[in-house]
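The values are calculated or read from the model by the stated rules, or taken from the named source; none is laboratory data. Quick caveat: nothing in here was measured; it's all calculated off a predicted structure. Neighbour counts are summed over all protein chains in view; Cβ atoms, including those assigned to glycine, are modelled from backbone coordinates with ideal geometry.
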Amino acid sequence: MSVRLNDRYLKNFISDEDYSSVKAKALTALETVLEGNGKGNDFLGWRKLPDVPDKEEFERIKLAAEKIKKSCDILLVIGIGGSYLGARAAIEFCKGQNYNELRKATPAIYFVGKDLSAATVFETLALIEGKDVCLNVISKSGTTTEPAVAFRIFREWMEKKYGEKEASRRIFVTTDRKRGKLKELSTEKGYETFVVPDDVGGRFSVLCPVGLVPFAVLGFDIKKMLKGAAEISKVSENTDVRKNPALLTAFLQCEAMKKGCNVSVLMPYADSLKFMADFYCQIWAESLGKAVDLDGKTVNAGQTPAKSLGVTDQHSQVQLYTEGPFDKVVTFLAVDKYRDTVVITDDKDVDACDFLKNHTMNELINAERKATEFALKKAQRMNFTITLPEVNEETIGELLMYFMYETAFAGALLNVDTFNQPGVEEGKKATFAMLGRKGYEAKMEEINAAPKKADYIIG
């Protein structure tokens, strides 16, 4: 395994006795995930994605990617949540934050349907004006409001620009195999369609066509990405807790919750990993935040994820982490070998930083990370580090799969359904009711009967 875990700063918090006392519980969680014998086991299909890809669809993805690369300047990807965050995280990690502005042989990529901002729509329409565009819409149900609205707007734009027939050649759909409004429309219009497997939920879907289509368009070696994910899958079967990083960190986080650490901070030390923290926040929050456990007991489980970008947030948040409440676990994401190297120049010592001359910026950022680790350890704050040897497809595949396994193991340890999201569904139903969707009249009555919330207006 390339991704490696450093837990040297945990010795004050988790003793050998602690490890021994919960080993049986950790192994039970391992069995729950690997054997699929817990609730939600019908959504464990993400485990098979690296090892058993659909070969026919895999080839179709590669062919579609070549078609898109040859026919457009810009690929619009429409999706939200699990249909968006993982893909963007991987793209920014491997291609950089300014990929769209750089000269390249592959199309620029813009993500829409991730919010309901009219400003975003107008800005995107301005960006694509005069450009050749292809569109990839991602929605398993086809009825998620935000992508559905974006698809209406940009499909209309494409049909006006190209005509309905040519637009249909430029629209690619990732959705359910057999059912749903988007699947019906795809069949009617003749859009090329890729499948989100029935047993793969949205936030665990990045290694199926949800992510593989845009990855292939941007020139990723998706076989290497799946190879990295497969390596983590293999390691995650190890029954030695200390040699199974995903199980170990899941256990450590759950033990930390018992000690009052109800905030999990992911702090990547690379700007290109910023969206990886967003991906982590979704999968950790949505999977573990549950009102009741599998026994029907009210537990209000979960750990609030937070994102913090080093070195930026050394200057804005680390003060809180070192001297504020003892309620956080900090996970650092480090990189051994960054994509590029810059040597700090030799200059007059006008800024008291001449000691840095001839060092690289990569040496400096890693020194600042290690110093922050030390500061947290000195303040007796729980932290550990996940190190990525370098920036490439295999490594990003490993990291994505690591977070999926860690989340699944944590859900099993907490005895909750990792794969449902009843709190999200409640908000969706209320939205439908407020906007007059048929079938939600009873929900509207419930909303009208609820106590009114006071509004506080500034200005």
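Would you call residue 114 among the basic types (Lys, Arg), buried (at least 16 other Cβ atoms within 10 Å of the Cβ) and at pLDDT below 95? When the stated conditions are applied, residue 114 passes them.
Only residues that are in contact (Cβ under 8 Å) with a residue 60 or more places away in the chain and not basic (Lys, Arg) were counted across the stretch 356-374, and they come to 5. Out of the residues in the stretch 202-251 that are within 29 Å of residue 263 (Cα to Cα) and in contact with a Lys or Arg (Cβ under 7 Å, 6 or more places away or on another chain), which is modelled with the highest pLDDT? Result: 233.
Remark: residue 105 matches the filter, which requires a residue to be surrounded by fewer than 16 Cβ atoms within 10 Å (Cβ to Cβ), over 23 Å from residue 196 (Cα atoms), touching a Gly at 6+ places or on another chain (Cβ under 9 Å) and not assigned by TED's automatic domain parsing to the domain that holds residue 281. Looking only at the stretch 286-304, residues that are buried (at least 17 other Cβ atoms within 10 Å of the Cβ) and outside any loop (DSSP other than H, G, I, E, B) come to 5 in all.
Does residue 254 meet the test of being touching a Pro at 6+ places or on another chain (Cβ under 9 Å), assigned to a helix (DSSP H, G or I), under 14 Å from residue 407 (Cβ atoms) and assigned by TED's automatic domain parsing to the domain that holds residue 28?
no
For a quick check of your reading of the model, give me the residue pairs whose first member lies in the stretch 172-196 and is at positive phi, whose second is of a type in the set (S, T, N, Q) and crowded, with 18+ Cβ neighbours inside 10 Å, with beta-carbon atoms closer than 7 Å and at least 6 apart or on different chains. Close Cβ pairs (under 7 Å, with a partner that is of a type in the set (S, T, N, Q) and crowded, with 18+ Cβ neighbours inside 10 Å) amount to 190/168. For the stretch 55-63, the criterion of a residue being without any contact (Cβ under 8 Å) to a residue 24 or more places away in the chain and outside the structural domain of residue 192 (by TED's automatic domain parsing) is satisfied by no position. In the stretch 305-319, is there at least one residue being more than 29 Å from residue 336 (Cβ to Cβ), part of a helix (DSSP H, G or I) and of a type outside the set (Asp, Glu)? The answer is no; no qualifying residue exists.
Out of all the residues in the stretch 73-82, which are in contact with a Pro (Cβ under 7 Å, 6 or more places away or on another chain), crowded, with 20+ Cβ neighbours inside 10 Å and farther than 14 Å from residue 203 by Cα? Walk me through how you get there before you give the answer.
At the first step, the residues of the stretch 73-82 found to be in contact with a Pro (Cβ under 7 Å, 6 or more places away or on another chain) are 73-75, 77-80.
Then keep just the ones that are crowded, with 20+ Cβ neighbours inside 10 Å; that gives 75, 77-80.
Listed by number, the residues that qualify are 75, 77, 78.
For the stretch 164-172, the criterion of a residue being of a type in the set (Ser, Thr, Tyr) and within 19 Å of residue 82 (Cβ to Cβ) is satisfied by no position.
Within the stretch 196-245, being more than 17 Å from residue 33 (Cα to Cα), among the aromatic types (Phe, Trp, Tyr) and not in a loop (DSSP other than H, G, I, E, B) holds for one residue alone: 215.
Tell me the helices (runs of 4 or more DSSP H) entirely within the stretch 83-180 that contain at least 3 residues that are farther than 27 Å from residue 204 by Cα.
118-128, 145-162, 164-170
The residues of the stretch 370-402 that are more than 12 Å from residue 93 (Cα to Cα), in contact with a Gly (Cβ under 9 Å, 6 or more places away or on another chain) and not charged (D, E, K, R), listed by number, are 372, 401. The residues of the stretch 181-195 that are of a type in the set (A, V, I, L, M, F, W, C) and in a helix (DSSP H, G or I), listed by number, are 182, 185.
Take residue 39 and decide whether it is surrounded by fewer than 20 Cβ atoms within 10 Å (Cβ to Cβ) and assigned to a helix (DSSP H, G or I).
no
Criterion applied to 393, 398 was being in contact with a Lys or Arg (Cβ under 6 Å, 6 or more places away or on another chain), crowded, with 21+ Cβ neighbours inside 10 Å, within 21 Å of residue 270 (Cα to Cα) and touching a residue at least 60 places away in the same chain (Cβ under 8 Å), and the one residue passing it is 393.
Taking the criterion of being more than 19 Å from residue 136 (Cα to Cα) and of a type in the set (A, V, I, L, M), the only residue of the stretch 90-104 that qualifies is 102. Contact annotation: residue pairs with Cβ atoms under 8 Å, 6 or more positions apart or on different chains, pairing a residue in the stretch 141-152 that is assigned by TED's automatic domain parsing to the domain that holds residue 124 and under 15 Å from residue 111 (Cα atoms) with a partner that is among the basic types (Lys, Arg) and surrounded by 18 or more Cβ atoms within 10 Å (Cβ to Cβ), are 146/114.
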